[in-house]
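Worksheet: one structure, shown below.
Every read-out reported here was derived from the displayed coordinates using simple, explicitly stated rules and does not represent laboratory data. What you are looking at is a predicted structure, and each value in this text was computed from that prediction instead of being measured. Here the Cβ positions follow ideal geometry from the backbone for every residue, glycine too, while neighbour counts run over all protein chains shown.
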Amino acid sequence: MPDKKTDQYKITSEDEFLKFTQSDGHIENISEILVTNITFKGNVEGVSILNVPSIRFSHCAFNGNLEVVRIKTDNMVIDNCIFSGTAYFNGISANSLTLDKCIFSGYSPIIFSSIQVLTIESTFEKLFIGDSDIKTLFFNSNISGQVDIDEGTIETLRFSSTIENSGEVNIKRLRVNHIDFKYFTNHGILNIQTINRREKPDQNLSSSLSLLSADLGSATFLDFDFNSFKEICIESVKISKIGIYGISFPANSKRIFTGDLFEEKGKDASKLYELYNQLHVIMQRQGHRVNELLYYAEFMEWHLKDLWRKKENWPMITSLVLNKVSTNYGQSWLQGAVGTFIIAWAFYFLYTISLPGVNISLDNANWNDTTFFIGEYFNFLNPAHKVDFMKDLPPNWIASIWDFFGRIAVGFMIYQTISAFRRFGIR
């Protein structure tokens, strides 16, 4: 029996391990317990190890079921082990738990545990994490089986892996502050449902959703509260095939940034333009007309900012500016209607003062002239009005120029207003 705190207690046989766990797994002056190169032929039940700084299972094979009921340690590592039966990890209290290069052929739940950092770099047939309190959960290896995370509290959930064609990840009813998909690809099934902030939204705590070099494939977000996250960072992300149902992705881009949340973030117009273009396509595919138009407006706004920054494609910039000032990219028919009257009045004023024999002055104003010119203004509002719609006041060449451009401007504004008014019409 070791008598120094730095000593390692090594267990190399099944009988020795069973005797150790039957004594509540507690030995004084042990810095690490190493369980290695053991083939457990039957079920291993009631495993309890307390107050050991480090625990490691290495190159072991469990032919039957494994039941961990209580472990208290700073660091626990399970590497290069094979689990043929069901592995229950209950009641683990640890600063870190790492599952490295293991093969789990059966059902392997991790429940009722309190872990600071849980790192998963193993192959699972079916993994269940439920009702646990985990500060950081990392998935760093490809997922070919099924992973279910149901309920519980997680501070940071991070995927830096690939869900393979046969893989499936279901996350639901989880309280989480940070979700990070970094260097992530989804070829299988990814369902995320009813995710909320770990703390109340009104508390002054950081929260973030980060999508960095990620292809979410055909992931489904159901009642995923995007708005509960204070910051959303995107960089090189593909989301055009995902489904968003219930709570929508924010149309207001104030909380959305580009770049790595933990290194350097900003507002890259070209990347935000691409993000909202993908969201517009998603809503168009789902037939969600309201959100489709909201994302379309943001898509156009960031496209304009991108082109303006690059100082290129001036015809496109002109078109986007006109669409913005007329109806805010089809969002406001009222803006278009008010703008139509203002623009028409401006050109009508320039047209009127250019007419020969017309002298507009408050000193010479009278009721008859005022009502006459106001009435003719409504004729001017019609882009198809006659050239000489003002009888006895034939236009000269200057007035004709203002009339020509006025017809174009008013006609454009009327068209934009009608289009915005009919934006929810059947296409």
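Name the shape class, rounded, prolate or oblate, that the alpha-carbon gyration tensor gives for the range 15-146, where a ≥ b ≥ c are the square roots of its eigenvalues, rounded holds for a/c under 1.5, and otherwise prolate holds if a/b is larger than b/c and oblate otherwise. Verdict is oblate for the range 15-146. Placing +1 on the Cβ of every Lys and Arg and -1 on the Cβ of every Asp and Glu, with no other charges, gives the chain a dipole of roughly 1100 debye about its Cα centre.
Stokes-Einstein diffusion for the range 327-421 at 37 °C, viscosity 0.692 mPa s, with a Kirkwood radius from C-alpha pairs, works out to 234 µm²/s. Secondary-structure-derived ellipticity at 222 nm for the chain, considering helices only, amounts to -10000 deg cm²/dmol, per-run term -39500 (n - 2.57) for DSSP H runs with n ≥ 4.
Here the calculated FRET efficiency for Thr153 and Arg309, from their Cβ-Cβ distance with R0 = 41 Å, stands at 0.45, rounded to the nearest 0.05.
What FRET efficiency comes out for the pair Val69/Val338, r = Cβ-Cβ distance, R0 = 56 Å, nearest 0.05? That gives a FRET efficiency of 0.20.
Cross-link reach is defined here as a Cα-Cα straight distance under 23 Å, omitting same-chain residues fewer than 8 places apart; for Lys41 the lysines meeting it are Lys10, Lys19, Lys101, Lys126.
Normalised by the number of residues in the range 327-421, the mean separation of alpha-carbon contacts (under 8 Å, six or more apart) gives a relative contact order of 53 percent. Please report the antiparallel percentage of the DSSP beta bridges confined to the chain, to the nearest 5. Of the beta bridges lying entirely in the chain, close to 5 percent run antiparallel. Applying 1/(1 + (r/R0)^6) with r as the Cβ-Cβ distance of Thr39 and Ile317 and R0 = 56 angstrom yields a FRET efficiency of 0.20. Per-residue extension of 0.36 nm, minus the Cα-Cα distance of Leu350 and Ser213, leaves a gain of 43.8 nm for this segment.
Note on the chain: dipole from Cβ charges, positive end direction compared against Gly167, Phe347, Gln193; the farthest Cα belongs to Phe347. Distance distribution P(r), the range 63-314, all Cα-Cα pairs, bin width 10 angstrom from 0: 7, 29, 33, 19, 9, 3, 0, 0 percent.
When averaged across all projection directions, what area in nm² does the alpha-carbon convex hull of the range 227-383 cover? Averaging across all directions leaves 14.7 nm² for the Cα convex hull. Set Lys and Arg Cβ to +1 and Asp and Glu Cβ to -1, take the dipole of the chain about its Cα centre, and tell me which of Leu99, Ser113, Ser240 lies farthest positive. My answer, from the dipole projection, is Ser240.
In this simple spin-label approximation, Ser419 and Thr371 carry label points 7 Å from Cα along the Cα→Cβ vector, and these lie 4.0 nm apart. Computed over Cα pairs, the Kirkwood radius of the chain leads via Stokes-Einstein (1.002 mPa s, 20 °C) to a diffusion coefficient of 80 µm² per second. Taking the longest Cα principal axis of the chain as reference, the axis of helix 269-286 is set at about 90 degrees. Annotation for Asp392 and Tyr183: the two label points, set 7 Å from Cα along the Cα-Cβ direction, are 8.4 nm apart.
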